[in-house]
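Structure, as C-alpha cells:
The values are calculated or read from the model by the stated rules, or taken from the named source; none is laboratory data. Just so it is clear, the structure is predicted and the values come from calculations on it, not from any experiment. FYI the Cβ positions are ideal-geometry reconstructions off the backbone, even for glycines, and counts take in every protein chain you see. Note: areas computed on protein heavy atoms with side chains; ligands, DNA, RNA excluded. Shrake-Rupley method; radii C 1.70, N 1.55, O 1.52, S 1.80 Å.
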Amino acid sequence: MDFLKMLGIKEMNYGSSTGTKWNKSKNKGELKINSPVNGKYIASVYQSSEKDLDTVITIAQKAFKYWRDVPAPRRGEIVRQIGLKLRKYKEPLGTLVSYEMGKSLQEGLGEVQEMIDICDFAVGQSRQLYGYTMQSERPMHRMYDQYHPLGIVSTISSFNFPVAVWAWNAMLAAVCGDVNLWKPSSKVPLSAIAIQNIIEEVLKENKLPEGIFNLVIGRGSTIGEKILNDKRISLLSITGSTNVGRHAAQVVSKRFGKIILELGGNNAIIVTPDADLKTAITAIVFGAVGTAGQRCTSTRRVIIHESIYHKVRSSLLKAYKSLKIGNPLNQNNHVGPLIDVAAVKTFSDALQQIKKEGGKVIHGGKVFSGRGYGSGCYVEPAIAEVKNHYAIVQEETFAPILYLIKYKGNVDNAIKLQNGVVQGLSSAIFTNNLREAEIFLSVNGSDCGIANVNIGTSGAEIGGAFGGEKETGGGRESGSDAWKAYMRRQTNTINFGTDLPLAQGIKFHI
C-alpha cells in the first residue's frame, strides 16, 4: 500500500528507537498486525527487549542534559518543524491510523490534525512558561517561583488514539525541556513507528542528538512494568482502563514518581424539556458511535426527561437505522469495526448482561460476518433502555452501546443520575434554560473534569485541559496550564539587603 511506503513502514519493523537510531533486537517475539477493517495482514514488529529499554533510557538521560539547556523558544522551533512534517504526511498518516485502528478516515485525519494543533499550541507555550512574583514580608527581599524541566517523561498510550495522545504529552514535554519515552499500544504499533520516522527527519535536519524522542514497543508485563518501576523516569502519562491505572498508580507512588492518569469514562448527556432536540440527537449519535464507541469520551448514557422521553427515543431509533456500517476508509460509512474480536465479545456479553438485569435492547446488537466484514469486528451499534443502578451500566463497556435513562422532576434529579457512577470524565447537558445550564456547571452540578452545554461529550479541543475526576484518574493533559505537570516547581527568595530578617518575625542572634 502506498501510504505504508510513504511512512517508511516495512514488512518487518524494529520496535525500539532513540529518535535517529533503531535497535535491532529480534529475540523477544514478533507482533503481526492485521487490520480490523478487513482482517488482512499489514506488517510485523519485533518487540523490544528489557536490554533495549535500558539502552534507550540511558541514552535519554544523556539527551536530557543537552535538551534542558536549549532555550525553550528554540525547543519550540523544533516542535514547529514537527508540526510542518505532520502537515506534509497528514493524508498517509491519517489513512494508516484509520486502517490500523479501524476508526473512520475522517477521524483518522482529524487525529493527525489534533497533533498539528497541539504542535502549534506548544510552540506558543514555549515562550510562556511563566512563574509568578510574590510580595515578601521581609524588606529588601524578592520572592518568585519558576519551573524547571523534569527529565524523562514516559507516555503509555492506548489503541483508540494511536498518535494524538502521544502528541498531547510529547510536544508539551518537549517545549518544557523534557525528553520523551513512548510505549504505544501493541495493538497499533505501526502508527507509532510512522511517527518515529517523521520525527527522525526533523532530528537529523537539525543535527540533534538521539534520545530526545524515544520509542519502545513491547509487552506490558515486561516492558510496561519496567517503565513503571524505573526511577530514572520522572513522569508517566498513562491512558488506559481504570484497573491499569490503579496498578500503575500504586507502583509509581511507591517510588515517589509523578503520574498523569487518563482512565475510564462513563459519560452522560442530559436532555431537558428545554433542549434543542435537533442538535442534541446529532451530538448523541456522534458521541455514541464515533470511533465505534471506543473513545474514553464516548457517550454511554442519555438521561432524558420523562416528558420528552418517547420523542427522543423515536428520533434516536430513526437516526440509528440510517447509520452505514462498513469499511471506514469509505467516507460514506459512519461506523467502522471494533479493534478486535475480543472487543466484539465484550460488546455481545454486555448486551446479554443488560437483559439479565432487566434492561431492554431496543436496537442493534448484531455481529456482522461475510462479504465486506471479513475481520469479524463489525457490529451494529445498540440502544438499550436501562436503570442507572444496573451493574453493567455502572461499568464502562468500550463499545457502541447507548443507554437510555428516564428522569423525573427538575434538573437536579438528572444531575444526581449523571454523577451516580464511579467515573468522572466528560458530561453534557442540552438545554436552552439558563438556570439549568448554570446549575449543571456549578459546584452542585456535574462532577466531571469536562462539562459541556449544548455540545456532546466527545471531540474536546486541544486548547482546554483534558482529563477527569474520580476513577478517571484526576490527570490533565493538552491545553490550559497542563504544561505545569511536565515541570518541577521551585520557589526562590533573594535577599538583596545587608540584614537577615526572618519570616514570621522570629528573632535569632549570635
Could you grab the pairs with beta carbons closer than 8 Å, sequence gap of 6+ or different chains, first residue in segment 326-354 and within 12 Å of Pro381 (Cβ to Cβ) and open to solvent by 40 Å² or more (accessible area, probe 1.4 Å), second one part of a loop (DSSP other than H, G, I, E, B) and at pLDDT 95 or above?
His334/Ser104; His334/Leu323; His334/Lys324
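Here's the yes/no breakdown for (1) part of a loop (DSSP other than H, G, I, E, B); (2) touching a Cys at 6+ places or on another chain (Cβ under 9 Å); (3) farther than 27 Å from Ser186 by Cβ:
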residue	(1), (2), (3)
Ile304	no, no, yes
His310	no, no, yes
Pro328	yes, no, no
Ser348	no, no, no
Gln353	no, no, yes
Can you name the strands (runs of 3 or more DSSP E) wholly within segment 109-222 that have at least 1 residues being closer than 27 Å to Ile59 by Cβ, open to solvent by less than 10 Å² (accessible area, probe 1.4 Å) and in contact with a Ser or Thr (Cβ under 6 Å, 6 or more places away or on another chain)?
152-156, 179-183, 213-216
The correct count of residues that are within 17 Å of Thr58 (Cβ to Cβ), of a type outside the set (Val, Ile, Thr) and either free of Cβ contacts under 8 Å to residues at least 60 places away in the same chain or outside any loop (DSSP other than H, G, I, E, B) (or both) in segment 223-233 is 3
Residue match in segment 461-469 (condition: of a type in the set (A, V, I, L, M) and free of Cβ contacts under 8 Å to residues at least 24 places away in the same chain)
yes
For segment 223-242, which positions are among the polar types (S, T, N, Q) and open to solvent by less than 50 Å² (accessible area, probe 1.4 Å)?
Ser234, Ser237, Thr239, Thr242
Keeping to segment 387-431, report how many residues are open to solvent by less than 40 Å² (accessible area, probe 1.4 Å) and within 21 Å of Leu338 (Cβ to Cβ).
11
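The rows are residues; the columns are (1) modelled with pLDDT of 95 or more; (2) more than 30 Å from Met140 (Cβ to Cβ); (3) touching a Ser or Thr at 6+ places or on another chain (Cβ under 7 Å).
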{"position": "Glu461", "(1), (2), (3)": "no, yes, no"}
{"position": "Ala465", "(1), (2), (3)": "yes, yes, yes"}
{"position": "Lys470", "(1), (2), (3)": "yes, yes, no"}
{"position": "Arg488", "(1), (2), (3)": "yes, no, no"}
{"position": "Asn492", "(1), (2), (3)": "yes, no, no"}
{"position": "Asn495", "(1), (2), (3)": "yes, no, no"}
Restricting the search to segment 8-22, which residues are closer than 19 Å to Trp182 by Cβ and surrounded by fewer than 20 Cβ atoms within 10 Å (Cβ to Cβ)?
Gly8, Thr20, Lys21, Trp22
Residues of segment 432-483 being open to solvent by less than 60 Å² (accessible area, probe 1.4 Å), of a type in the set (D, E, K, R) and not in a loop (DSSP other than H, G, I, E, B), which ones?
Glu436, Glu477
Mind counting the residues in segment 18-74 that are at pLDDT below 95, small (Gly, Ala, Ser) and in contact with a strand residue (DSSP E or B) (Cβ under 7 Å, 6 or more places away or on another chain)?
1
The residue that is most open to solvent (accessible area, probe 1.4 Å), considering only those in segment 267-292 that are outside any strand (DSSP E or B) and among the polar types (S, T, N, Q), is Thr282
Which of the numbered conditions does Thr498 fail, given that it passes all the others? Conditions: (1) touching a strand residue (DSSP E or B) at 6+ places or on another chain (Cβ under 6 Å); (2) of a type in the set (Ser, Thr, Tyr); (3) open to solvent by 40 Å² or more (accessible area, probe 1.4 Å).
(1)
Go over the candidates Ala391, Ala384, Ala343 one by one and state the one that is modelled with pLDDT of 95 or more and either among the charged types (D, E, K, R) or within 16 Å of Lys103 (Cβ to Cβ) (or both).
Ala343
Filtering segment 252-266 for residues that are under 21 Å from the mean Cα position of the chain (by Cα) and not in a strand (DSSP E or B) leaves a count of 6
